[in-house]
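Here, each number is a calculation from the coordinates, and none is a lab measurement. Quick caveat: nothing in here was measured; it's all calculated off a predicted structure. Note that each Cβ is placed from the backbone with ideal geometry, even for glycine, and that neighbours are counted across all protein chains shown.
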Amino acid sequence: MKHKNWFPTPHLWGRLEYAPDELLRPDGDTIHLRDVMLLHGGRRFRPAAGALEVTMPGHTRPRTLLFRGTERPYLPIRLSGLDAPEAHYVASVRPNPDGPTYRIREGRHVQVCQPYHQPAFQYIRRVEARSRYLLIEIDRDVTDRRGRVLGFVFASDEHANKKIFVSLELVRRGLAFPYVFESAADYRPRLLAAGATARRERQGVWARYSDAPMAYRDAAWAVLAAKNGVVPKGRLNHPMIFRRVVEAGQLHGFDLNAALRKYDVIDDATGDLFPGHRYERVPVERRVWAPHRS
């Protein structure tokens with residue numbers, strides 16, 4: 001690869017490539033990058049012993065990115081700044097024979113999804129197919145608790161040039177919700193503004209959006225049913241809210257408000273801080289999330 005780009009912060013450069021029998025489950029905000037190089041300060045680094053070391057500006061100690069898989073190693077990438085409708089979340093549900101709704105069943109776990117969970121990943125694949133490569137600007141938090149690399153995704157080429165800002169386009173087109181943390185830094189206002197525009201124009205996910213948490217039975221839809229053409233016609237929560245609804249629905253005695261307090265919410269315009277179960281007090285276009293601090 002020949003490139004002349006000088007990146008002041010670490011970037012990953014690589015491709016998506018999924019075999020037909022692959023067990024990986026990508027979706028609109030989690031992808032898997034192969035043939036990866038680290039680009040930083042005009043230099044390129046290849047993985048060694050299944051890992052890459054990344055030093056973020058302002059940090060003295062490097063962070064280690066661990067590749068997964070043996071025959072076809074990859075890095076899992078979690079797209080920062082957005083949340084796509086959930087494609088495969090584990091819940092305890094069973095089909096209701098009287099209609100396309102689902103109710104809790106003890107002891108059985110199946111995957112559930114949300115409406116409109118496919119278009120975001122389909123858009124990523126179309127962009128990558130045209131550009132051949134993706135460039136990931138690593139989020140300053142580097143990884144999440146599941147070991148996925150956090151980053152902002154751009155289309156790229158064989159010279160590692162930045163092209164379409166894929167993450168922003170997903171939000172602008174209404175294919176994903178803004179899901180912005182403080183680590184988004186300079187991208188925060190752009191992502192929030194893109195989400196506000198998409199909501200105002202009722203694009204994609206916003207056409208069905210419900211800010212208030214939905215009931216568990218209305219929020220959780222079996223993946224199998226969706227694959228068979230049974231698509232819910234109801235409302236759509238932000239995926240993070242959906243996940244808290246599912247958790248509260250699965251765990252006896254676990255109050256939804258307690259589940260929502262996993263995060264705090266900051267009003268980007270005023271700086272006011274609210275506990276997660278009061279998130280509706282902050283307009284969605286000004287909503288910045290932060291891990292809950294006791």
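Nearest-5 percent of antiparallel DSSP beta bridges in the chain?
Roughly 90 percent of the DSSP beta bridges within the chain come out antiparallel.
I'd like the Kirkwood hydrodynamic radius of the chain, using the inverse of the mean 1/r over distinct C-alpha pairs, in Å.
By the Kirkwood definition, the hydrodynamic radius is 20.1 Å.
Could you pull out every residue, at least 5 positions away or on a different chain, whose amide H is within less than 5 Å of the one on ARG44? Hs are placed 1.01 Å off N in the peptide plane, and Pro or chain starts have none.
Distant-sequence amide H within range of ARG44: zero hits.
For the chain, find the longest principal axis of its Cα atoms and tell me its angle to the long axis of helix 119-131, 0 to 90°, nearest 10.
Orientation of helix 119-131: about 20 degrees from the principal axis.
Show me the ranking of peptides 281-289, 166-174 by mean Cβ neighbours inside 10 Å, starting with the highest.
166-174, 281-289
Applying a 10 Å radius around every beta-carbon, put 207-217, 48-58 in order of their mean neighbour count, most first.
Going by the mean number of other Cβ atoms within 10 Å, highest first, we get 207-217, 48-58.
For ALA84, what is the net charge nearby, where nearby means another residue's Cβ is under 10 Å from its Cβ and Lys, Arg count +1, Asp, Glu -1?
For residues surrounding ALA84, the net value is -4.
Can you list, bin by bin at 10 Å, the percent of alpha carbon pairs in segment 235-294, starting at 0?
Binned Cα distances yield the sequence 24, 51, 22, 3.
Can you give the angle from 0 to 90° between the axis of helix 239-250 and the longest principal axis of the chain, with both taken from C-alpha atoms, to the nearest 10?
Orientation of helix 239-250: about 50 degrees from the principal axis.
Looking at segment 14-80, I'd like the Rg to Rh ratio, where Rg is from alpha-carbon atoms and Rh is Kirkwood's inverse mean 1/r.
Here Rg/Rh amounts to 0.99.
Using per-residue counts of other Cβ atoms within 10 Å, averaged over each peptide, order 243-250, 5-12, 176-183 from highest down. Walk me through the numbers on the way to the answer.
Working: 243-250: 20.6, 5-12: 17.4, 176-183: 23.1.
Top to bottom by mean Cβ count within 10 Å: 176-183, 243-250, 5-12.
Need the full-extension length gain, ALA215 to ARG125, defined as separation in residues times 0.36 nm minus the C-alpha distance. One decimal, nm. Provide the component values of the computation, followed by the final result.
Values: separation 90, 0.36 × 90 = 32.40 nm, distance 3.28 nm.
This chain segment gains 29.1 nm when fully extended.
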